[in-house]
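A.B. asks: If you scroll down you'll find the structure; I have some questions about it.
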Amino acid sequence: MTESQSTLIAKAIERCLLHIAKDSGYLTDAGSSVHRGWFAHAIQSRSATFPLIAIQPDTQSVEKASGTGREFRIADSFRLVVATDDVAHPADLLKDCMRDVRRALALNWEAEITSIPGVRAPDIGTAEFALSADSPHTLAAMPVGITFTEKHEA
């Protein structure tokens with residue numbers, strides 16, 4: 001394996017979200033600006049357009065899954081942050097983006113994780129909305145948890 005399961009999962013989430021486009025039946029075109037990493041870095045990048053979606057790592061819990069100590073149950077949590085520069089109706093746009101994110105994960109998840117063994121369906125949490133204190137952007141953030149088994153062999 002050349003990448004950790006966590007990285008492969010983040011890439012699968014990214015591929016799911018890239019489907020978000022009005023031409024594909026979504027409410028927004030947020031899929032045209034999906035970034036893995038922190039939203040503050042994505043906003044500063046030259047390729048960022050709005051609304052943008054950042055797939056930020058959030059938490060990762062580990063629980064031993066075998067007596068040998070070679071298997072672990074991992075609960076990997078990502079925080080999907082949507083940022084917009086819309087000042088006319090930012091709450092409407094953010095709620096539309098959150099719906100699109102949920103829809104993209106619901107419709108595309110199984111196809112995107114076929115090569116990652118032991119990954120379960122995402123657990124989507126409560127979306128929170130805020131105005132960024134240090135920028136003109138409005139934000140929505142939603143946790144997405146993924147569980148999988150990590151196996152280590154000699």
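Values quoted throughout were computed directly from the atomic coordinates according to the rules given, and no laboratory measurement underlies them. Just so it is clear, the model here is predicted, and its values are computed rather than measured. In this analysis, Cβ positions are derived from the backbone assuming ideal geometry, glycine residues included, and neighbour counts consider all displayed protein chains.
A.B. asks: Name the residue farthest towards the positive end of the dipole of the chain from the options A130, A21, I43, assuming +1 on Cβ of Lys and Arg, -1 on Cβ of Asp and Glu, about the Cα centre.
C.D. replies: In the chain, that residue is A21.
A.B. asks: Separate question: Which residues does a label at W38 reach in segment 115-144, if reach means a backbone N under 19 Å from a point 7 Å past the Cα toward the Cβ?
C.D. replies: Only 130-144 fall inside the zone, counting backbone N under 19 Å.
A.B. asks: Let me ask you something else. So how strong a dipole does the chain carry about its Cα centre when Lys and Arg Cβ are +1 and Asp and Glu Cβ are -1, to the nearest 20 debye?
C.D. replies: That gives the chain a dipole magnitude of about 240 debye.
A.B. asks: Here's something else I'd like to know. As a footprinting exposure proxy, order H19, H152 by other Cβ within 10 Å, with the fewest listed first.
C.D. replies: Fewest-to-most ranking of H19, H152: H152, H19.
A.B. asks: So what's the angle, to the nearest 10 degrees on a 0 to 90 scale, between helix 5-17 and the longest Cα principal axis of the chain?
C.D. replies: 30 degrees
A.B. asks: Need one number: nm distance between label points at E14 and T114, each 7 Å from Cα along Cα→Cβ, rounded to one decimal.
C.D. replies: 2.1 nm
A.B. asks: R102 to D134: FRET efficiency via 1/(1 + (r/R0)^6), r the Cβ-Cβ distance, R0 30 Å, to the nearest 0.05?
C.D. replies: 0.60
A.B. asks: Give me the extension gain from E153 to D23: residue separation times 0.36 nm, minus the current Cα-Cα distance, reported in nm with one decimal.
C.D. replies: Gain in length upon complete extension: 42.3 nm.
A.B. asks: Now a separate question. How would segment 76-154 be classified by its alpha-carbon gyration tensor: rounded, prolate or oblate, with rounded meaning a/c under 1.5 and the a/b versus b/c comparison settling the rest?
C.D. replies: Judged from the Cα gyration tensor, segment 76-154 comes out prolate (a/c at least 1.5, a/b above b/c).
A.B. asks: Round to a whole angstrom and tell me the spacing of the C-alpha centers of segment 138-153 and segment 1-57.
C.D. replies: 14 Å
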